[in-house]
């Protein structure tokens, strides 16, 4: 892994395209067949091993993954810290502003679907009821994926990183915390956040220059 290399725009463009495509697919499909129907289609009991796995894996999108990411930036890409901090700021602001002010009444699956027998839940997971749209965990995971695409030249980062982020997104559905619609919106939020952060980084690098 050559993490000290300059931006890998090819990987980033591919990562951005597939993240956007996946997000739009989840959003459009939710609108076509209904967010509840799409949720019930994906919220399937895959067995106890899957319950344990997704219960653990979902925590990666809880922000804890940003700690090792920040350490790597401090060690190898200190001059790109404005990019990282901007990504955290934009993704948090967009997610929370949409949750609280734009769609404040968007309920989560267990609050919408009254027949609990239709929903697969995992023991030990605290089920939330409100502020469903978009999925913050998914946003964080895809921000990390896109940042990895920016700095890692090896092409393996695309399938491995996308799978890493996608499993976080799916975990939110599997654990009955979000609709696929919310997960798709989280992917789009991540793309927007990283693109805005790249603009901030460029402004930072060009500060003080005379033209």
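Only one of 186, 161 is modelled with pLDDT of 95 or more and farther than 24 Å from residue 122 by Cα; which? Reasoning before the result, please.
Details: 186 fails: farther than 24 Å from residue 122 by Cα.
Unique residue meeting the criteria: 161.
Select, from 30, 50, 19, 8, the only residue that is surrounded by 12 or more Cβ atoms within 10 Å (Cβ to Cβ), within 13 Å of residue 181 (Cα to Cα) and touching a residue at least 24 places away in the same chain (Cβ under 8 Å).
On the way: 50 fails: within 13 Å of residue 181 (Cα to Cα); 19 fails: within 13 Å of residue 181 (Cα to Cα); 8 fails: within 13 Å of residue 181 (Cα to Cα).
Result: 30 is the single residue among 30, 50, 19, 8 that is surrounded by 12 or more Cβ atoms within 10 Å (Cβ to Cβ), within 13 Å of residue 181 (Cα to Cα) and touching a residue at least 24 places away in the same chain (Cβ under 8 Å).
So residue 159 ticks every box in (1) in contact with a helix residue (DSSP H, G or I) (Cβ under 9 Å, 6 or more places away or on another chain); (2) assigned to a helix (DSSP H, G or I) but one. Which box is left unticked?
(1)
For the stretch 193-200, indicate whether the set of residues that are closer than 13 Å to residue 137 by Cβ, under 16 Å from the mean Cα position of the chain (by Cα) and part of a helix (DSSP H, G or I) is non-empty.
Step one: of the stretch 193-200, the residues closer than 13 Å to residue 137 by Cβ are none.
No, because not a single residue in the stretch 193-200 is closer than 13 Å to residue 137 by Cβ, under 16 Å from the mean Cα position of the chain (by Cα) and part of a helix (DSSP H, G or I).
When you scan the stretch 110-130, do you find a residue that is crowded, with 17+ Cβ neighbours inside 10 Å, touching a residue at least 12 places away in the same chain (Cβ under 8 Å) and outside any loop (DSSP other than H, G, I, E, B), even just one?
Within the stretch 110-130, none of the residues are crowded, with 17+ Cβ neighbours inside 10 Å, touching a residue at least 12 places away in the same chain (Cβ under 8 Å) and outside any loop (DSSP other than H, G, I, E, B).
The values are calculated or read from the model by the stated rules, or taken from the named source; none is laboratory data. Since this is a predicted model, take the numbers as computed values, not measurements. Here Cβ is always computed from backbone atoms with ideal geometry, including for glycine, and neighbour counts include all displayed protein chains.
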